[in-house]
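This report refers to the structure that appears directly beneath it.
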Amino acid sequence: MDQQKVNILLIEDNPAEARLTQEALKVWRTPLNVDVVNTGDDALNFLRKLENYKYAKRPDLIFLDLNLPKKHGREILAEIKSDPELKSIPVLILTVSESEDDVYMGYQLGTSGYIKKTFNFDHFIEMMRKIEDYWLSVVILPRNLNGLFE
Amino acid sequence: MRILPLRNAKKNLSTSTKDIATQKLTEQSLPRRQEYLRQQAEALNFVAKIKIQTAEDLSLAIKEILRIDAQTILVERVSLWLYGDQNTKITCIELYEQSKQKYSYGFKLHASEYSSYFKALEENRIIAAHDACADPRTKEFKENYLVPLKISSMLDAPVHVGGKVVGVLCHEHVGPTRHWFIEEENFAASIADFIALALEQKERRLAEEALRQREEQLRLITDSLPVLISYIDQDQCYQFTNAAYEKWFGISTAQIQGQHMKDVLGDKAYEISKPYIEQALKGEKVDYEAELPYKHGGKRYVNVTYVPQFNDNQVMGFHVLVNDLTERYKVEQRLKVQYAVNRILAESGTLSDALSEILKAICKLTGWEIGLYWEVDLSINKIHCIEIWHNPTIHMNEFDMISRSVQFSPGEGLPGKVWDKRTAIWIEDFTKDNNFPRGSAAQQNGLRGGMGIPIQSGKEVLGALEFFSSQTLQPDQGLLDLMTAIGFKLGQYIQRKKDEERIHQYTEELLKSNKGLQEFAYVASHDLQEPLRVVSGYVQLLSKQYRWKFDVAADEYMTYIVQGIDRMHKLIQDLLLYSRLQSPVQLFRKIDMNEICEQAIENLKISIEENKALITHTSLPRIYANQTQMIQLFQNLIGNAIKFKRPGVKSKVHISAENKGGMWIFSVEDNGVGIEPEYFDRIFDIFRRLHSHSDYAGTGIGLAICKKIIEYHHGQIWVQSILGKGSTFYFSLPENS
């Protein structure tokens, strides 16, 4: 796979939501590869290259929905941030919840950004564009070491 | 027996006299003479046997003696004379006249007039005047006494008492002079001695009587006193006790007399008193207070004083004064009980804590060994024991266990009886009570007497208190009255606690259900947003990416879908806002309502500009409130005022406030469409709308939110309006919150 591509992991249980996010991500100019997992367990297996995900790519950026069945988004975040292998990957929370508790807990557990999905789709697209600007040109992401281990 | 010497037996005999006595002796016959002496001895013997007990006895005895005397030596007049005060005169207290067989008394002779006679009386053992008119000792009486009474001879014997002459026994012979024989002199002297003895005896009796009367008086006084008074000798035995002792110890004064203190007081009380008794016997005055066992059971609280009595610096014994302070002590105790109960009721958090403390306090202050609290359970119509306190030093397992396991119907056992009768009941000794099912356990633990008290709220019996003692106790009405009052007080307390509990429970349930509703509203609206957002997203995607494939109708449909979604979104947003509104007391602070108003206007800037509305306000006060909610409130009211404008009329909104009786009344006045009076109240209900969507957009939640905010701030909100002219919304907020 093209090394210039940015690897994104989208953790979202609702395929309609996932597809909508993927549609919005089409505004990115940077070439990207989006992998979608539906549950927390799948997400962790993906990141640890376990079971069905032996060949998974280590993502550069994770989009995490909070309201997930079984393992809640908060728990997934906590596990990622307590795993020394994974904690360097920025995790962005992408959710409809605007609960202050969720925001506070998100940052407490080490999220790199709490993003509320806007209701209006146009605004959502605009938001995605801004995320690309910030995460792919303003800040420097840690070097993805996928290649070195393979 | 007196020996009569027979000297001068034949001296001066006269035969001329007819006197029988003289004849007897002048006949000189030995057997006759011996017979006469035998008669004398018999007479003396008879006299010696006369018993004298009273003053009356003495007078009778003297009469008897004089008669026997007269008949024995055969003389006409025999009389007894006694000195009055200071020996200045002598009075005849009795005279017997043989011929008349008659008694009389009352003559008086002055010592100064008959000095020879009186002198002779002092000196001689006897005056035997054969010829009274000639005898130098008696001739002083001749003219005034002897001649008129035809007395010829006198035989007078002085009466000595304690070595002193107190009177004289006179024998007066009428007729020819008579010669007194020595045997007759001796006989007279002997009779005089008997009289002296009788007088002496009478004197002693009188003295004794006086003493007895004095003692009687003393006893009367001491017996009438409500204190124990006694005298204890060196050997700790009672020598005097007043009547109070009989009441206290249940034995008669005679029985107590001479008894040792230990035997009367009992071992326990004696042990307590012993050190003080020893102190008193060492000669110290002792004063102490102590609780002493009482013979009827129970204890008496006493003040005791011992005052030692000395004789030549030697302690002979001591006087005892015991003051019974039990009643006073009881009153004090009752006050203490009342105070303790009040304090416990005021301080205890739970009923259970209070009851256990009250049982303990009452037992300790009034000396009961065990106290129980019984509660009526109306659902099964039984009374059962909930709480027990007993003196930890006393074994009470059996009674405790049976009391906790048993349940009584109304009328059954002491608790059931108290419940049924609604009155306090005293049991002196329940071993004699056949309505006491726990009797054997009670006896096993040594309990004898007790009382039961109803716990009442109004007429309803909520429970009962029971107290038991190891002693049989006399009913104590004062204590029962006090306990009855405590029963009522406890009843009120229990009722209040139950009410509080019920209110607390209701409040808790209400809070829970309220919270549940709030959570439901929040979760529902939150969860509604997600699918709606998905629908909205795809509709927009469709119209973006497939627009060129739609015809006009499809375009119109799409527009309606988008509008529907927007409206639903707005509704959900408002519902979220409404359900999230919470009483924010902790966020109250002093805020400037001018700033709040400006902020709301700023938030509505776009709408104000679009409608070219004119918003004005007077100077507004500073009040305690939640800032966010106040902005929301103004925003909703001003927003409504602009929204419901009359077509073609420039919207004007004016905000002002005035202080009325501690409340700030705010008003938001507009010149809009106005509201019909029948809707003045209903517009504040949630989802209540008065206009169609095509005329005025809105969810119907705005005013409901305003009302909730105002309620949280302890104010009121209302509206006044004239249809077609405008509306004024008022809300009040407390000046000081």
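The values are calculated or read from the model by the stated rules, or taken from the named source; none is laboratory data. Because the structure is predicted, anything quoted here is derived from the model rather than measured. So basically every Cβ, Gly included, is an ideal-geometry build from the backbone, and we count neighbours across all protein chains shown. With ligands, DNA and RNA removed, areas are computed over all heavy atoms of the protein, side chains included. Shrake-Rupley method; radii C 1.70, N 1.55, O 1.52, S 1.80 Å.
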### Query
Being within 14 Å of chain A (Cβ to nearest Cβ) and either open to solvent by 80 Å² or more (accessible area, probe 1.4 Å) or over 30 Å from A:ASN14 (Cβ atoms) (or both), is that true of even one residue in the stretch B:599-607?
no
### Query
Given the residues B:SER230, B:SER224, B:SER273, which is the only one that is open to solvent by 30 Å² or more (accessible area, probe 1.4 Å), polar (S, T, N, Q) and farther than 30 Å from B:LEU82 by Cβ?
B:SER224
### Task
Return a yes/no flag: does the stretch B:476-488 have any residue that is among the aromatic types (Phe, Trp, Tyr) and closer than 30 Å to B:GLY349 by Cβ.
yes
### Message
Any residue that is crowded, with 16+ Cβ neighbours inside 10 Å, without any contact (Cβ under 8 Å) to a residue 60 or more places away in the chain and part of a helix (DSSP H, G or I) - is there at least one of those in the stretch B:609-626?
### Response
no
## Note on the structure
Per the list (1) at pLDDT below 90; (2) under 30 Å from B:ARG205 (Cβ atoms), residue check on B:GLU140 breaks on (2)
### Query
What tally of residues in the stretch A:16-47 results from selecting those that are farther than 18 Å from A:ILE131 by Cα and over 15 Å from the mean Cα position of the chain (by Cα)?
1
### Query
Which residue, of A:ILE89, A:ILE76, A:ILE125, is within 14 Å of chain B (Cβ to nearest Cβ) and either open to solvent by 20 Å² or more (accessible area, probe 1.4 Å) or not acidic (Asp, Glu) (or both)?
A:ILE125
### Message
Can you go through B:ILE596, B:ILE606, B:ILE591, B:ILE572 and tell me which one is at negative phi, assigned to a strand (DSSP E or B) and of a type in the set (A, V, I, L, M)?
### Response
B:ILE591
## Note on the structure
The residue that is farthest from B:ALA485 (Cα to Cα), considering only those in the stretch B:325-373 that are in contact with a Lys or Arg (Cβ under 6 Å, 6 or more places away or on another chain) and not polar (S, T, N, Q), is B:LEU351
### Query
Just one of B:TRP368, B:TRP374 is in contact (Cβ under 8 Å) with a residue 40 or more places away in the chain and either closer than 30 Å to B:THR305 by Cα or part of a loop (DSSP other than H, G, I, E, B) (or both); which is it?
B:TRP368
#### Entry: Residue list for the stretch B:67-89, filter: in contact with a helix residue (DSSP H, G or I) (Cβ under 7 Å, 6 or more places away or on another chain), part of a loop (DSSP other than H, G, I, E, B) and crowded, with 17+ Cβ neighbours inside 10 Å
B:LEU74
### Message
Test of understanding: among A:ASP101, A:ASP65, which residue is within 14 Å of another protein chain (Cβ to nearest Cβ) and under 22 Å from A:LEU20 (Cβ atoms)?
### Response
A:ASP65
### Message
Pairs needed: first member in the stretch A:13-28, more than 10 Å from every other protein chain (Cβ to nearest Cβ); second member anywhere, of a type in the set (Lys, Arg) and in a helix (DSSP H, G or I); C-beta distance under 9 Å; at least 6 residues apart or different chains.
### Response
A:VAL27/A:ARG129; A:TRP28/A:ARG129
### Query
What do you reckon, is B:ARG646 over 19 Å from B:TYR712 (Cβ atoms) and either open to solvent by 80 Å² or more (accessible area, probe 1.4 Å) or β-branched (Val, Ile, Thr) (or both)?
no
### Query
Considering A:GLY113, A:GLY106, which residue is in contact with a strand residue (DSSP E or B) (Cβ under 7 Å, 6 or more places away or on another chain), surrounded by fewer than 18 Cβ atoms within 10 Å (Cβ to Cβ) and more than 14 Å from every other protein chain (Cβ to nearest Cβ)?
A:GLY113
## Note on the structure
All-but-one check, B:LEU541 against (1) open to solvent by 70 Å² or more (accessible area, probe 1.4 Å); (2) touching an Asp or Glu at 6+ places or on another chain (Cβ under 7 Å), failing number (1)
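Matching residues to (1) buried (at least 17 other Cβ atoms within 10 Å of the Cβ); (2) touching a strand residue (DSSP E or B) at 6+ places or on another chain (Cβ under 9 Å); (3) at positive phi; (4) modelled with pLDDT of 90 or more:
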residue	(1), (2), (3), (4)
B:ILE383	yes, yes, no, yes
B:LYS417	yes, yes, no, yes
B:ILE427	yes, yes, no, no
B:ASP433	no, yes, no, no
B:GLY449	yes, yes, no, no
### Task
Would you be able to say whether some residue in the stretch A:15-25 is open to solvent by 10 Å² or more (accessible area, probe 1.4 Å) and in contact with a Phe, Trp or Tyr (Cβ under 6 Å, 6 or more places away or on another chain)?
no
### Where B:THR559 falls short, out of the listed (1) facing chain A (nearest Cβ under 10 Å); (2) under 30 Å from B:ARG688 (Cβ atoms); (3) loosely packed, with under 15 Cβ neighbours inside 10 Å
(1)
### Query
Which of the residues belonging to the stretch B:90-127 are within 20 Å of B:LYS164 (Cα to Cα) and crowded, with 17+ Cβ neighbours inside 10 Å?
B:ILE90, B:CYS92, B:LEU109, B:ALA111, B:TYR114, B:TYR117, B:PHE118, B:ALA120, B:LEU121, B:ILE126, B:ILE127
